[in-house]
Amino acid sequence: MKFQAKVTTPAQINSIKTGCIVIALFEENQLSTSAETIDNACNGYITKLMTRGDANGCAGKSLLLTGLHGVKAERILLIGMGKKGETSAKQFIDGVTAAIKVLKDGPATEVYYFLSEVAVVNKETSWAIRQQVEVSDAALYTLDQFKRKKSPAVALKNIQISTSNKIAVAQGVATARGVTLAKDLSNLPGNLCTPSYLAEQAEQLDQTFSNIKTKVLNEAEMEKLGMGSLLSVSRGSRQPAKLIVMQYSGGNKGDQPVALVGKGLTFDSGGISLKPGPQMDEMKYDMCGGASVFGTIQAAAELKLPINIVAVIPSSENMPDGDANKPGDIVTSMSGQTIEILNTDAEGRLILCDALTYTAKFKPAIVIDIATLTGACIIALGGQASGLMANHQPLADALLDAGQKCGDRVWQLPIWDEYQEQLKSPFADMQNIGGREAGTITAACFLSRFTKEYHWAHLDIAGTAWISGANKGATGRPVPLLMQYLIDLANTK
Ligand code: BES
Ligand code: MN
Ligand code: ZN
């Protein structure tokens, strides 16, 4: 889909030749400015439809009109956006979703959204502009690569967005494309999306962007670095582990990079602490953190953000081979700290800890890790917010703020010293699980022992990275959050 920012004065609306013009209506028979202009041209027909009850402003309601008198556009799509001046973020998203649902079935190849003028509570206009792009693009996402019968092609090719803010549209497009990349990688089955496959995709980004450099460390190289914790996980699998490193240089040479560390566990069976059977297929999504890092670095490169980013993705399978970790095994991490593995299913922290130690060598300004780390996080926050934990409150605040701004929200949990007690091991420096209580927090406490050298935040995306059930699929989160954070960061420079 092509998205374009376009400026049209109200006077010009009626003479636009396009497949469909999309305008907003509000409750209590209120019209948006664009709707008013069109209403005047067609002798108050829209007002008549509203008073008759055929059209209304309830959020998400839509009515498609064809052959309207006085306007050149072939169709007019009326979209309800709630109470005028009080449209909530959710209502706006519902409205755009309703519009694209109608348009994707329709014959129009080119449409024109006049929705940037809708005032959304607590959101900037640039948010509304970006959402028009991101929501529309997401609604058109399909993965039918593995179906012999493909979904019918969408006639719609071009969406114009009424705004002069080209940057916001470009940010929306880059973010949407980043989300799509994250979804594509995440939705691939585990037999295809292996650590080696992810490594190839990273090489691909290096080929595509002159300012992305990729380096992939193999097991022998990791062994040399002493990554005994990460390698203990991949020992249980026939797929060799990869440590994927991508460096994006959009800033000045000496600028300290932002490091993004994404869990790239391409299938988590639990290992010897085998997971129960039902829904185990969803553990192909245990690389969604890594996928979101792919999506984010691609989006940053497309936008040419003037910052440096280093992406580190430890990638492995977690399988119950004869050589797999066993409960009670003790391994030595790259940091030198020893770990007693009491549950082989708490493997994410085992691969992340070595990746986090490795990341220090880039002298990062800040480090954010993104991981589908704990089932406990789903219980705590459900699918709405990702869990946030950090050793530096200004960084946590910046992420909370970015989430609030873009709608891809996070919620902070504490990592007080008292919780560290739960990781005490009688035999090693720590154990890899902290018991039933506060599972999301103790997982972060475990990671915090490897992140002392820098400012660090941890995002637990177990509840937000994908949707289960009939509409099973990756969400691409938290690409929008990370992009908002990086865009804000670039703007402060
Ligand atoms: N990848 C899982 C966490 C997970 C589970 C994410 C379900 C999304 C849905 C992780 O590796 C894991 O298995 N964690 C264990 C930790 C426990 C053994 C301390 C968990 O949450 O059960
Ligand atoms: Mn696990
Ligand atoms: Zn896992």
Using Cα pairs under 8 angstrom and six or more residues apart, how large is the relative contact order of region 77-136, in percent?
43 percent
Counting helices only, and only those DSSP H runs with n ≥ 4, report the 222 nm mean residue ellipticity of the chain as the sum of -39,500 (n - 2.57) divided by its residues, in deg cm²/dmol to the nearest 500.
-11000 deg cm²/dmol
Find the relative contact order for region 176-492 and round it to a whole percent, using C-alpha pairs within less than 8 Å whose residues are 6+ positions apart.
22 percent
Express the C-alpha Rg of region 205-348 as a ratio against the empirical globular expectation 2.2 N^0.38 Å, rounded to two decimals.
1.15
Stretch in the chain that is longest and holds no chymotrypsin sites (Phe, Trp or Tyr not before Pro) that DSSP places in a loop and that have at most 13 other beta carbons within 10 Å
147-415
Can you tell me the dipole magnitude for the chain around its Cα centre, using point charges on the Cβ only (Lys, Arg +1; Asp, Glu -1), in Debye to the nearest 20?
1520 debye
Potential lengthening between Thr125 and Asp329 on full extension [0.36 nm per residue; Cα-Cα distance subtracted]:
68.0 nm
Using the alpha-carbon atoms, what tilt in degrees (0 to 90, nearest 10) does helix 479-491 show relative to the longest principal axis of the chain?
80 degrees
So for region 19-72, what percent of the C-alpha to C-alpha distances run longer than 19 Å?
16 percent
Sort all Cα-Cα distances of region 74-198 into consecutive 5 angstrom bins from zero, then give the percent of pairs in each bin up to the one containing the longest distance.
2, 10, 18, 19, 19, 13, 9, 6, 3, 1, 0
Looking only at Cα atoms, what is the convex hull volume of region 7-139 per residue, in Å³?
92 Å³
With point charges of +1 on the Cβ of Lys and Arg and -1 on the Cβ of Asp and Glu, referenced to the Cα centre of region 176-492, which listed residue (Ala182, Gly336, Gly236) lies farthest in the positive direction of the dipole?
Ala182
Using only alpha-carbon positions, what ratio does the radius of gyration of region 87-140 give when scaled by 2.2 N^0.38 Å?
1.10
Against the 2.2 N^0.38 Å rule of thumb, the C-alpha Rg of the chain sits at a ratio of 1.06
Give the residue from Gln12, Gln132, Gly375 lying farthest towards the positive end of the charge dipole for the chain; charges sit on Cβ (+1 for Lys and Arg, -1 for Asp and Glu) and the dipole is referred to the Cα centre.
Gln12
Please report the relative contact order for region 2-162, taking Cα pairs under 8 Å with a sequence separation of at least 6, and give it as a percent rounded to a whole number.
29 percent
Percent of alpha-carbon pairs separated by more than 17 Å within region 331-423
62 percent
In whole Å, what three semi-axes, largest first, describe the equivalent ellipsoid of region 382-484 built from its Cα gyration tensor (square root of 5 times each eigenvalue)?
27, 18, 10
Can you give the convex hull volume of the alpha carbon atoms of region 312-351 per residue, in Å³?
78 Å³
Would you mind estimating how fast region 181-220 diffuses translationally, via Stokes-Einstein at 25 °C and 0.890 mPa s with the Kirkwood radius over Cα pairs, in µm²/s?
220 µm²/s
A chain fully extended from Asn211 to Leu225 at 0.36 nm per residue, minus the present Cα-Cα distance, gains in nm 2.4 nm
Give the whole-number value, in cubic angstrom per residue, of the convex hull volume spanned by the C-alpha atoms of region 288-341.
105 Å³
Based on DSSP, what percent of beta bridges with both residues in region 176-492 are antiparallel, to the nearest 5?
50 percent
If you filter region 111-156 for GluC sites (Glu not before Pro), then keep DSSP loop positions with at most 14 other Cβ within 10 Å, what is left?
Glu124
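Here, each number is a calculation from the coordinates, and none is a lab measurement. Everything numeric here is computed off the predicted structure, so don't read it as measured data. Ideal geometry is used to build each Cβ from the backbone, glycine not excepted, and the neighbour counts take in all protein chains shown.
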